[in-house]
Structures are given as C-alpha cells and as structure tokens.
1. Inside the stretch 152-208, counting only strands (runs of 3 or more DSSP E) that do not spill past its ends, which hold 2 or more residues that are under 12 Å from T122 (Cβ atoms) and touching a helix residue (DSSP H, G or I) at 6+ places or on another chain (Cβ under 6 Å)?
2. Among the numbered conditions (1) of a type in the set (A, V, I, L, M); (2) part of a loop (DSSP other than H, G, I, E, B); (3) more than 19 Å from Y221 (Cα to Cα), tell me where I84 comes up short.
3. So which pairs qualify, if the first residue must be in the stretch 182-203 and modelled with pLDDT of 90 or more, the second must be surrounded by fewer than 22 Cβ atoms within 10 Å (Cβ to Cβ) and among the aromatic types (F, W, Y), the Cβ gap must be under 7 Å, and the two must be at least 6 apart or on different chains?
4. Can you tell me which residue among V167, V160 is surrounded by 15 or more Cβ atoms within 10 Å (Cβ to Cβ), β-branched (V, I, T) and within 19 Å of Q203 (Cβ to Cβ)?
5. Given the residues T6, T19, which is the only one that is modelled with pLDDT under 90, more than 21 Å from the chain's Cα centre (by Cα) and loosely packed, with under 12 Cβ neighbours inside 10 Å?
6. List every residue pair whose Cβ atoms sit under 7 Å apart, with the two residues 6 or more apart in sequence or on different chains, where the first one lies in the stretch 57-76 and is buried (at least 16 other Cβ atoms within 10 Å of the Cβ) and the second, anywhere, is basic (K, R) and not in a helix (DSSP H, G or I).
7. Of all the residues that make up the stretch 23-53, how many are within 22 Å of F243 (Cβ to Cβ) and of a type in the set (S, T, Y)?
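The values are calculated or read from the model by the stated rules, or taken from the named source; none is laboratory data. Note that this is a predicted model, so its numbers are computed, not measured. Reconstructed Cβ throughout: ideal geometry from the backbone, glycine too, with neighbour counts over all protein chains shown.
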Amino acid sequence: MNTTPTSPYLTFGREKWATLRQSEPMTLSEEEIVNLKGINDELSISEIRDTYLPLSRLLNNYVNSTISRQEAMMRFLNERLQKIPFIIGIAGSVSVGKSMFARVLQALLSRWKENYSVALVTTDGFLYPNAVLEDKGIMSKKGFPESYDVHHILQFLSSVKSGKQNVQAPKYSHLIYDIVPHEYIKISPQPDILIFEGLNVLQNQADYPRKGKAATFVSDYLDFSIYVDADDDLLESWFLARFMKLWITAFNDPGSYFHSFTKLSEDEATTMALSVWREINRKNLHQNILPTRERANLILHKGADHKMDYVKLRK
C-alpha cells in the first residue's frame, strides 16, 4: 500500500490488493465466467480471484454497514424499517469494460451468504431516442451528457432510493442502436443492491451549472462509486478491436443499425473506427468522463490484457 499525505486515496498494487480477498470464496465456475464475457473482453479465474473477490469483500462491508446504520436510525425515530437499496455507480470510458465489470460484480454480490438481490441497470436506456437526438442536432454526440434524459434518470434513482417497488427502466438495444419503444426493464420487486453503470454517472452540479437554483444529480444517489480506468492508448486499441469484431459478427445482422458498414473494406472500416474513437469517444472521455474520476470511492486501473494493475481507494 502506497499513499502520500496529500492524496485522498490509498493505493494498492495488484499483489497487495489480491491479498485482501482473504477468505472470500470463489463462487463462479469457468463456464459462468465465459458467459459473463462480452465482445473482445478478457476475463480469467485469476482476474476474478485477484481483482473482483477483494472488491466483493469490501462492498459487503459497506453494504452491511449501511443497512446497520439504517436500522439504527429507524429505531431512534421509532419508525418501521423500510428497505432502501444500496446503489453502486460504475463509470469509465467507452471500451474500458464497464459492462462486463458490472455483470461480474452483480454475479458475485448476488452470491453472498446474505442472499441479497442485485439488479443491474445501465444508463443506455436513458439516452434520448435517436429521433430526438436528430431533432436536437446532437446525434454525433450520442453518449455526451446532453444526449441523456437526465430528468428521467433522476426520477428513476429517486424512486429506487425512496423504497418504491417494481421500478422500471427504459430498454436499449445495441442492435438497433436505439431505445426500444414501450419496453422496460422491471426492477422487481425491490433489490437490496442496484448497480448503475454508465459513462457519466459521477457527474454532478458542477458539470451542469444551473442559474439561481440547486440541482440533484446521479452522483447524489450513489452509496459507493467505482471508476474503471485505463490509459488512452489501451482504450483506443480495445475500441478498435471491439469495433472490428462487431464488423465481422453483429453488424452482419440485417437488423443492425450498422449493417451498412459491412460494405466497407477492412481498411475503410478500420479508418472509420479510428475516426469515431478520436472525434467522438476520446473527446467525450477528456471533456466529460475523465474529469469525474477523482469523485469515485474507488479507482480501478487496468493495464495490458484488461488486467488490473492497481487500485486506489478513497480514505
């Protein structure tokens, strides 16, 4: 563990972090790990053991502590205990592997001895529909803060945090690259833990200045937040690899929004992917996502092959 007097974080190298697993059991089989992987994702038993199990143990402590605090408050107020879900926010760049990270965490957390129910929702469903983005003239900024229905996100999180049951989230399809009309993900009936994953979940009022009145933001509803980090050159290479994998697989589906891309040559597709990364995703990363990193309770940094090389935990 390394830290400096001026840093708000404790820093753990991979080897030191792995020791914090202690007796946290391995509850995932090799087959389950394969099923949790996404396009071009790297995931191994050793990565689960060294990275995710210590994190699972840490989060178990946070969740149980929060529940105990809620119980003590209700006893003090002579009120009936109401279940209030613990919300974990996961942020980071496009192509860093947030989605797989969230799925693995959900699988591990749902197998704690407490038998907590764990829901997973991504911010994709809260993007404005493509027709709205086109009307606003910001289709090329899909994924930027202005492309999200922030009011809808806040309504959703407020409902979850108020203890409301059967809350619904909009459904997004990566095949059609759009919101699926009249279809929803039901958070049923009420989770103990909600994992909320997306590009900009750590943004707050400073990122959306409003004159004359205070505002609430996604970060206000998070009980614990994680930023999945990696260097720019790795993010770019991972994005290109994933794009080209999709180019020869999912894009070939006639229903895919990107089906026309299959008519490009390999060189043309590579050039387009590089342009998308540098002109859209990298700009969004540096303008809007990366500046929120130090708001996270935990920063998990990835090196080559998507392997964690260090973790920073807020003191």
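1. By residue number, 167-173, 193-197.
2. (3)
3. Pairs found: D192/Y116; I193/Y116.
4. Result of the check over V167, V160: V160.
5. After ruling out the rest, the residue left standing is T6.
6. Qualifying pairs under 7 Å: R57/R21.
7. 0
Results for (1) touching a Gly at 6+ places or on another chain (Cβ under 8 Å); (2) closer than 19 Å to S140 by Cα; (3) of a type in the set (D, E, K, R); (4) part of a strand (DSSP E or B), shown as yes or no for each residue.
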residue	(1), (2), (3), (4)
D233	no, no, yes, no
L240	no, yes, no, no
Y257	no, yes, no, no
L274	no, yes, no, no
N281	yes, yes, no, no
T292	no, no, no, no
V311	no, no, no, yes
